[in-house]
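Have a look at the structure below, then the notes.
The values are calculated or read from the model by the stated rules, or taken from the named source; none is laboratory data. Model, not experiment: these values are computed from the prediction. Every residue, glycine among them, receives a Cβ derived from its backbone with ideal geometry; neighbour counts consider all protein chains shown. SASA here: full protein model, heavy atoms, side chains in, ligands and nucleic acids out. Shrake-Rupley method; radii C 1.70, N 1.55, O 1.52, S 1.80 Å.
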Amino acid sequence: MDERLKPYQDKMDKTIQNLSGELDTIRAGRANPHVLDRIMVDYYGSPTPIKNVANVTVPEARLIQIQPWEGSMVKEIIKAIQMSDLGINPNTDGKTVRLVFPELTEERRKQLSKEVKKKGEESKVAIRNIRRDGNEAFKKLEKSEDVSEDVVKELQEDLQKTTDSYSKKIDGMIDTKIKELMTV
């Protein structure tokens with residue numbers, strides 16, 4: 001592979017990683033500790049991820065248990081979860097916080113599927129934007145350096161192949177997540 005394609009492939013890899021992280025935060029009826037990744041708690045004045053102030057476990061399929069390392073953090077964790085878009089009311093015994101995930105309704109599953117498709121489409125747009133930037137850079141190469149038109153055409157074709165393969169990866173990730181969501 002040509003070294004000039006590497007930066008664009010790296011950007012596409014980051015797009016895939018970002019999509020993967022976003023898909024992990026969408027709950028699929030089962031308790032997944034990644035749904036807490038974006039929720040920040042106030043830890044002595046600085047926003048901190050829950051997993052950095054507590055032990056997060058999944059003792060049952062639809063239950064997340066959060067055991068803060070400091071007892072004073074229970075109220076902060078509850079407040080952060082209630083303010084988030086998670087849509088689950090936390091329970092506590094004073095020492096641990098429990099999140100019970102209800103079964104997803106058919107309507108909610110379809111809604112989440114649409115959200116997954118939207119995120120996939122956004123990622124594909126990002127991949128296409130990276131391709132466009134690459135193609136523009138290759139055209140500039142042709143004008144500024146001693147690079148032949150054939151070399152530029154070959155670089156653009158290789159970039160298109162890379163773009164196609166990443167689009168297929170995104171489609172696969174979306175299909176997998178939708179199957180996971182629609183499985184009762």
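Restricting things to Cα coordinates, could you compute the convex hull volume per residue of the chain in Å³? Spread over its residues, the Cα hull of the chain gives 143 Å³ apiece.
Above 25 angstrom, tally the Cα pairs of region 1-103 and express them as a % of all pairs, no decimals.
Counting pairs separated by more than 25 Å, the tail of P(r) holds 30 percent.
Remark: relative contact order (region 1-103) = 21 percent; criterion is Cα-Cα distance under 8 angstrom and separation of 6 or more residues. Rolling a 1.4 Å probe over the protein heavy atoms leaves residue 105 with an accessible area of roughly 80 Å².
Over the chain, what percent of the accessible surface lies on carbon and sulfur atoms, probe 1.4 Å?
Details: 5400 of 11160 Å².
Carbon with sulfur: 48 percent of the solvent-accessible area.
Length gained on full extension, residue 115 to residue 141, computed as 0.36 nm times the residue gap minus the Cα-Cα distance: 5.4 nm. Cross-link check: pairs 117/139; 79/114; 75/177; 114/179 evaluated at a Cα-Cα cut-off of 24 Å; pairs beyond the cut-off: 117/139; 79/114; 75/177. Exposure check, 1.4 Å probe, all protein chains in place: residue 4 carries approximately 90 Å² of accessible surface. Rounded to the nearest 20, the size of the Cβ-charge dipole of the chain about its Cα centre is 740 debye, with Lys and Arg at +1 and Asp and Glu at -1. For the chain, the longest principal axis of the C-alpha atoms and the axis of helix 6-24 are separated by about 20°. Summarising the label geometry, the points placed 7 Å from Cα in the beta-carbon direction at residue 103 and residue 132 lie 4.6 nm from one another.
On a per residue basis, the chain carries 61 Å² of accessible surface, using protein heavy atoms and a 1.4 Å probe.
Let's test the formula: R0 of 35 Å, r as the Cβ-Cβ distance of residue 63 and residue 175. What FRET efficiency results, to the nearest 0.05?
0.80
Taking every C-alpha pair closer than 8 Å and separated by at least 6 residues, the mean separation divided by the residue count of the chain gives a relative contact order of 23 percent.
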